[in-house]
1. Between a residue in segment 157-173 that is open to solvent by 40 Å² or more (accessible area, probe 1.4 Å) and any residue that is basic (Lys, Arg) and not in a strand (DSSP E or B), which pairs come within a Cβ distance under 6 Å, given they are 6 or more apart or on different chains?
2. Only one of VAL304, VAL313, VAL365 is at pLDDT 95 or above and either aliphatic (A, V, I, L, M) or under 20 Å from the mean Cα position of the chain (by Cα) (or both). Can you tell me which?
3. Just for segment 220-249: of the residues that are in a loop (DSSP other than H, G, I, E, B) and of a type in the set (Gly, Ala, Ser), which one is most open to solvent (accessible area, probe 1.4 Å)?
4. In contact with a His (Cβ under 9 Å, 6 or more places away or on another chain), at pLDDT below 95 and closer than 25 Å to ASP56 by Cα: which single residue out of ALA163, ALA169, ALA145, ALA177 fits that description?
5. Sort out which residues of segment 223-261 are modelled with pLDDT of 95 or more, acidic (Asp, Glu) and farther than 24 Å from ASN290 by Cα, and write them in order of number.
6. Every residue in segment 61-95 that is at pLDDT 85 or above, part of a loop (DSSP other than H, G, I, E, B) and more than 20 Å from LEU161 (Cα to Cα), please.
7. Here's a check for you: in segment 307-322, which residue that is in contact with a helix residue (DSSP H, G or I) (Cβ under 7 Å, 6 or more places away or on another chain) and surrounded by fewer than 21 Cβ atoms within 10 Å (Cβ to Cβ) is nearest to LEU390 (Cα to Cα)?
8. Count, please, the residues in segment 139-156 that happen to be within 17 Å of ASP114 (Cα to Cα) and either in contact (Cβ under 8 Å) with a residue 60 or more places away in the chain or out of contact with any Phe, Trp or Tyr (no Cβ under 9 Å at 6 or more places or on another chain) (or both).
Amino acid sequence: VCKRIQACAQLINCVDCFSVRNRLREIVGASTNWRDHQQALADRLSLSNQLAGSQDELPVRRMKDSYIEVHLPLGTDPTLREKYLNYHKGLAVSWRIWTALQRSPLSIVTALVDKIDMRKQVIHPDCDIKFTGHVTWVGKTSIEAKMHMSQYHDGAYTPVLDATFVMVARDPENKRAAFVNPLKPEGPEEEELFQQGEINKMRRIELSTASLLKVAPTAEERKIVHSLFLNTLDTKTVSFRSRVLPPNSVWMEDAKVKGLEICHPQERNIFNRIFGGFLMRKAYELGWANACAYGGCRPNLIAVDDILFQKPVEIGSLLLLSSQVCYTEGNYIQVRVHTEVLDPLTRHHNTTNVFHFTFVTDKDVPNIVPQSYGESMLYLDGKRHFNQTLESQ
């Protein structure tokens with residue numbers, strides 16, 4: 001165990017993202033060559049007998065065991081500045097604490113990006129950046145990890161971004177759940193973090209249960225939908241089908257932007273599937289472009305909410321992205337990006353991710369107006385995500 005922790009501790013000193021990725025490949029036993037992926041998977045089958053039969057068989061860990069701090073000296077290294085301008089670190093936190101063997105039988109994957117909050121809008125390209133993170137909560141087979149990004153400017157580090165990730169442990173074939181080490185909080189601060197993890201878990205369950213894809217809107221939400229409907233009726237006719245767009249408004253149907261990505265091996269993760277960060281970046285770029293076109297000015301991102309990784313994206317997939325402005329309020333724009341994989345042989349579409357972005361602009365934007373019942377549900381869903389973002393600010 002000590003050797004494993006010491007080896008993973010080397011990640012702290014890895015400035016180059018390729019070094020981090022290669023170290024993770026060593027831990028997992030994954031192939032560095034896409035063509036050798038099948039052989040690497042076969043080799044990992046032998047690790048199945050190292051999996052714990054229950055969580056009680058695993059040693060208890062502490063939060064400080066997983067703490068990692070990474071510095072990117074953008075202020076002094078121009079080459080690094082070019083390379084890591086949009087660099088993100090989050091995965092190494094979970095690997096450091098929850099893998100205890102030279103080659104881990106666990107496949108730890110991102111299940112959910114619960115929340116990303118932007119604390120400042122200006123990120124300087126020539127100032128040092130510091131990433132810190134650690135595990136804050138665990139279940140039987142899942143891990144919550146928080147990451148904080150700060151930047152050195154005017155003589156001090158100031159917060160830039162806070163993120164919460166939910167990771168899940170899988171067996172060597174990534175087919176079924178696997179147990180992770182229990183976590184023991186130490187002191188009031190860690191107890192509060194752990195309890196917040198429990199609250200986050202219950203909140204996710206409640207949101208899933210109350211999803212508009214499962215249950216009807218609340219009474220208050222039904223009033224909102226009916227009010228939107230009444231505001232678009234043509235008063236000159238007595239018809240439910242004659243609709244008129246109110247002033248300073250845009251039909252939801254006219255606030256879409258779509259894109260397509262061919263998923264090449266260069267964007268693969270250590271498990272030889274498309275890296276989740278690549279999907280997030282593409283979804284963000286499309287959502288940002290949509291918000292920019294809608295608001296008529298450059299928007300700033302203030303939050304990313306509830307990114308669920310429903311299915312992995314295989315190399316060679318045709319990835320379809322659809323961005324929709326689904327809610328607006330004052331100078332805020334709520335954008336939903338839906339991604340799906342198209343099978344060109346069967347013509348079947350399978351949803352892989354849904355992203356929720358909250359943007360703010362320098363001026364008020366037009367009101368988004370739904371027409372159909374389905375668009376009204378998108379409107380209410382966007383309003384829910386927007387309200388959650390404001391409550392957490």
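1. Here the result reads PRO159/ARG119, each pair linking segment 157-173 to a residue that is basic (Lys, Arg) and not in a strand (DSSP E or B).
2. On the way: VAL304 fails: at pLDDT 95 or above; VAL313 fails: at pLDDT 95 or above.
Going through VAL304, VAL313, VAL365 in turn, just one is at pLDDT 95 or above and either aliphatic (A, V, I, L, M) or under 20 Å from the mean Cα position of the chain (by Cα) (or both): VAL365.
3. So in segment 220-249, the residues in a loop (DSSP other than H, G, I, E, B) come out as 232, 234-242, 244-248.
Subset that is of a type in the set (Gly, Ala, Ser): 239, 242.
On the way: SER239: 46, SER242: 31 Å².
Taking the candidates together, the pick is SER239.
4. On the way: ALA163 fails: closer than 25 Å to ASP56 by Cα; ALA169 fails: in contact with a His (Cβ under 9 Å, 6 or more places away or on another chain); ALA177 fails: in contact with a His (Cβ under 9 Å, 6 or more places away or on another chain).
When all the criteria are applied, what remains is ALA145.
5. None; the set is empty.
6. The answer is ARG62, and nothing else.
7. Residues of segment 307-322 in contact with a helix residue (DSSP H, G or I) (Cβ under 7 Å, 6 or more places away or on another chain): 307, 309, 313, 315, 321.
After this cut, where a residue has to be surrounded by fewer than 21 Cβ atoms within 10 Å (Cβ to Cβ) as well, the list is 309, 315.
On the way: PHE309: 24, ILE315: 37 Å.
For segment 307-322, the residue satisfying everything is PHE309.
8. Number of matching residues: 3.
The values are calculated or read from the model by the stated rules, or taken from the named source; none is laboratory data. Predicted, not measured: the structure shown is a model, and the values here were computed from it. Cβ atoms come from the backbone with ideal geometry, glycine included; neighbour counts cover every protein chain shown. Ligands, DNA and RNA are excluded from the accessible area calculation, which covers all protein heavy atoms including side chains. Shrake-Rupley method; radii C 1.70, N 1.55, O 1.52, S 1.80 Å.
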